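Heads up: the structure comes next, in structure tokens.
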Amino acid sequence: MSDPAALARRYGTPAYLYDLAQVRAAHAQLSAALPRPSTLHYSLKANPHPELVRQLAELGCHAEVSSTGELDTAVLAGVPAPDILHTGPGKTPAELRHALSLGVRRFSVESAAQLRLLDEIAGQSQVRVSCLLRVNAGRGAGGKLRMGGVSQFGIELDQLLAEPDAFRGTDFAVVNGLHLFPVSGVDDPAALLETFAISARAARQVAEAGFELAEVDLGGGFATPYLRPGDPVDYRVLRGELESLLDAELPGWREQRPRISFESGRYLVGSCGTYVCAVTDVKANGERTFVVLDGGINHLGGLSGIGRMLPTRAAAEILTSRAESSPKVPVDLVGPLCTPADVLARNLELPEVRAGDLIAIRNAGAYGLSASLLGFLSHPAPVELVLDGGTVRSASAIATVRTEVHAAQDRAGAMSGDPN
Ligand SMILES: *Cc1c(COP(=O)(O)O)cnc(C)c1O
């Protein structure tokens with residue numbers, strides 16, 4: 001990447017820098033770990049910046065979206081509608097109509113009621129849609145952020161097998177696939193393989209219960225360091241193992257009966273991003289040293305409200321050569337918000353920091369800005385620079401604008417530009 005300090009000085013701080021070369025490298029590494037043939041979806045939740053989505057679409061990724069905003073971004077970034085999978089619990093009639101109007105025909109369905117709703121909405125437009133039943137089949141031992149098991153997501157496998165007729169689908173909402181996503185961020189390939197084995201076995205059971213499966217989306221769970229030093233996990237050992245697993249459980253898969261697909265957010269974009277902010281003040285209160293930055297949980301780590309914070313071994317560094325030579329001292333990195341929750345890191349060992357220094361936090365490309373508290377305290381959004389090697393491809397910032405609302409229908413239209 002070109003010199004982040006020079007870029008931050010030129011465009012101002014706080015700034016996110018995203019390097020497309022890193023996106024391509026992560027994509028190549030993950031692709032090498034997946035069975036062939038299979039499809040990889042990029043989950044826009046991790047970072048919906050349109051240029052990242054466009055890059056991943058150019059590399060052949062399909063898109064997994066779970067809101068009207070993510071859907072619109074995927075379409076604008078050039079993802080063909082047939083390559084979009086619309087997921088998420090509690091999709092509303094307005095969201096479904098909007099998706100249909102853009103040509104989306106593949107939906108992950110989370111309950112029998114959602115299946116009936118999709119049938120009704122698709123029927124009104126006289127179109128057929130493919131429904132992938134989101135199924136909870138359990139998970140292996142690994143995984144930090146667990147979405148399988150008993151949660152608000154999906155349909156329990158036991159329930160599906162006990163009452164298959166509640167999920168058979170209709171003329172308009174054709175049930176012809178499964179969507180499994182039990183884990184996130186599993187950094188042990190063996191543990192992840194165990195989870196895929198549970199999911200593949202569940203798919204075989206569902207097929208044996210008489211469901212026609214055109215697609216089995218095995219989800220993901222691929223890990224990459226988040227705000228810590230290090231590289232994306234190397235999963236290349238998985239490819240052969242996954243191919244054998246699929247030969248055993250879903251023997252038609254090589255002829256795409258069913259088509260096998262995967263999803264990843266963090267792995268594809270986590271390593272491409274660096275958050276750069278400036279030190280506005282350094283102060284000692286009691287025993288502690290606080291380094292005050294011009295950006296905080298409004299831009300990064302907004303999920304700290306649920307206990308996430310920069311690890312003590314954070315990938316944070318001072319972009320000032322002078323500082324590297326001094327001995328390290330523990331500091332708390334705090335942001336500009338008027339709340340004691342605005343802490344990016346505690347007891348982080350850094351060389352001497354002064355006001356005016358620039359701090360860079362690496363591996364911040366996923367769940368950075370979009371998972372943060374941008375609206376809180378009304379600071380401006382950071383500039384987002386998209387780089388390709390040494391070239392700046394774009395520099396932009398999100399603007400939030402208050403608009404007048406006259407009636408409920410207005411809101412879907414305002415977000416989507418959809419006249420319905
Ligand atoms: C969050 C989510 C993803 C992306 O997860 P990562 O851990 O970022 O790869 C993919 N699919 C579904 C259904 C999700 O909810």
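The values are calculated or read from the model by the stated rules, or taken from the named source; none is laboratory data. Please read all numbers here as calculations on a predicted model, not as lab measurements. All Cβ positions, even for glycine, are placed from backbone atoms using ideal geometry, and neighbour counts span all protein chains on display.
Those strands (runs of 3 or more DSSP E) of segment 354-420 that lie entirely within it include none in which at least 2 residues are in contact with a Pro (Cβ under 9 Å, 6 or more places away or on another chain), modelled with pLDDT under 95 and surrounded by 12 or more Cβ atoms within 10 Å (Cβ to Cβ). Residues in segment 270-288 that are outside any strand (DSSP E or B) and not charged (D, E, K, R) were compared, and the one that is nearest to the ligand (Cβ to nearest atom) is GLY270. Here GLY185 meets the list (1) within 16 Å of the ligand (Cβ to nearest atom); (2) in contact (Cβ under 8 Å) with a residue 40 or more places away in the chain; (3) closer than 16 Å to LEU85 by Cβ almost entirely, failing just condition (3).
When residues of segment 204-214 are filtered for being polar (S, T, N, Q) and part of a loop (DSSP other than H, G, I, E, B), how many remain? Walk me through it before giving the result.
Quick first cut of segment 204-214, residues polar (S, T, N, Q) only: 205.
Still in the running and part of a loop (DSSP other than H, G, I, E, B): none.
Of the residues in segment 204-214, 0 are polar (S, T, N, Q) and part of a loop (DSSP other than H, G, I, E, B).
Considering ARG139, ARG128, the condition of being within 16 Å of the ligand (Cβ to nearest atom) and closer than 24 Å to ILE260 by Cα is satisfied by ARG139 alone. A single member of ALA57, ALA77, ALA63, ALA81 is of a type in the set (Gly, Ala, Ser) and out of contact with any Asp or Glu (no Cβ under 9 Å at 6 or more places or on another chain), and it is ALA81.
Applying the condition of being within 10 Å of the ligand (Cβ to nearest atom), in a helix (DSSP H, G or I) and aliphatic (A, V, I, L, M) to segment 215-269 and asking which residue is surrounded by the fewest Cβ atoms within 10 Å (Cβ to Cβ) yields VAL269.
Residue-by-condition table, conditions (1) surrounded by 23 or more Cβ atoms within 10 Å (Cβ to Cβ); (2) more than 24 Å from LEU180 (Cα to Cα):
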position	(1), (2)
PRO4	no, yes
ALA8	yes, yes
ALA33	no, no
ALA57	no, no
SER67	no, no
ILE84	yes, no
LEU102	no, yes
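Can you tell me which of VAL127, VAL150 is out of contact with any strand residue (DSSP E or B) (no Cβ under 8 Å at 6 or more places or on another chain), surrounded by fewer than 23 Cβ atoms within 10 Å (Cβ to Cβ) and either modelled with pLDDT of 95 or more or in the same structural domain as VAL216 (by TED's automatic domain parsing) (or both)?
Working: VAL150 fails: out of contact with any strand residue (DSSP E or B) (no Cβ under 8 Å at 6 or more places or on another chain).
None of the others qualify; the one that does is VAL127.
Consider segment 348-381 and keep the residues that are in contact with a helix residue (DSSP H, G or I) (Cβ under 7 Å, 6 or more places away or on another chain) and more than 16 Å from the ligand (Cβ to nearest atom). The one that is farthest from THR280 (Cα to Cα) is LEU373. Cβ-Cβ distances below 6 Å connect the following pairs, each with a first residue in segment 240-255 that is assigned by TED's automatic domain parsing to the domain that holds PRO189, a second residue that is surrounded by 13 or more Cβ atoms within 10 Å (Cβ to Cβ) and of a type in the set (D, E, K, R), and a separation of six or more residues or different chains: GLU249/ARG201; GLU249/ARG204. Within segment 163-173, identify whether any single residue is more than 14 Å from the ligand (Cβ to nearest atom), modelled with pLDDT of 95 or more, buried (at least 21 other Cβ atoms within 10 Å of the Cβ) and assigned to a strand (DSSP E or B), and answer yes or no. Yes, some residue in segment 163-173 is more than 14 Å from the ligand (Cβ to nearest atom), modelled with pLDDT of 95 or more, buried (at least 21 other Cβ atoms within 10 Å of the Cβ) and assigned to a strand (DSSP E or B).
Output the residue which, of all residues in segment 51-90 that are within 16 Å of the ligand (Cβ to nearest atom), in a helix (DSSP H, G or I) and of a type in the set (Gly, Ala, Ser), is farthest from THR39 (Cα to Cα). This residue is GLY69. Taken as a whole, segment 197-208 holds no residue that is in contact (Cβ under 8 Å) with a residue 12 or more places away in the chain, in the same structural domain as LEU118 (by TED's automatic domain parsing), within 13 Å of the ligand (Cβ to nearest atom) and within 20 Å of the chain's Cα centre (by Cα).
Could you run through segment 4-19 and say how many residues are away from the ligand (no atom under 16 Å from the Cβ) and either assigned by TED's automatic domain parsing to the domain that holds PRO189 or not in a helix (DSSP H, G or I) (or both)?
Taking segment 4-19 as the starting set, the residues that turn out to be away from the ligand (no atom under 16 Å from the Cβ) are 4-17, 19.
When the remaining residues are screened for being either assigned by TED's automatic domain parsing to the domain that holds PRO189 or not in a helix (DSSP H, G or I) (or both), the result is 12-17, 19.
Here the count works out to 7.
Close Cβ contacts (under 9 Å, 6 or more residues apart or on different chains) running from residues in segment 62-88 that are on the phi > 0 side of the Ramachandran plot to residues that are hydroxyl-bearing (Ser, Thr, Tyr) comprise GLY88/SER66; GLY88/SER67; GLY88/SER108. Taking THR39 as the residue in question, decide whether it is more than 15 Å from the ligand (Cβ to nearest atom), more than 13 Å from CYS272 (Cα to Cα) and of a type in the set (S, T, N, Q). The answer is no for THR39. Would it be correct to say that VAL104 is assigned to a loop (DSSP other than H, G, I, E, B), closer than 23 Å to ALA203 by Cα and among the β-branched types (Val, Ile, Thr)? It is false that VAL104 is assigned to a loop (DSSP other than H, G, I, E, B), closer than 23 Å to ALA203 by Cα and among the β-branched types (Val, Ile, Thr).
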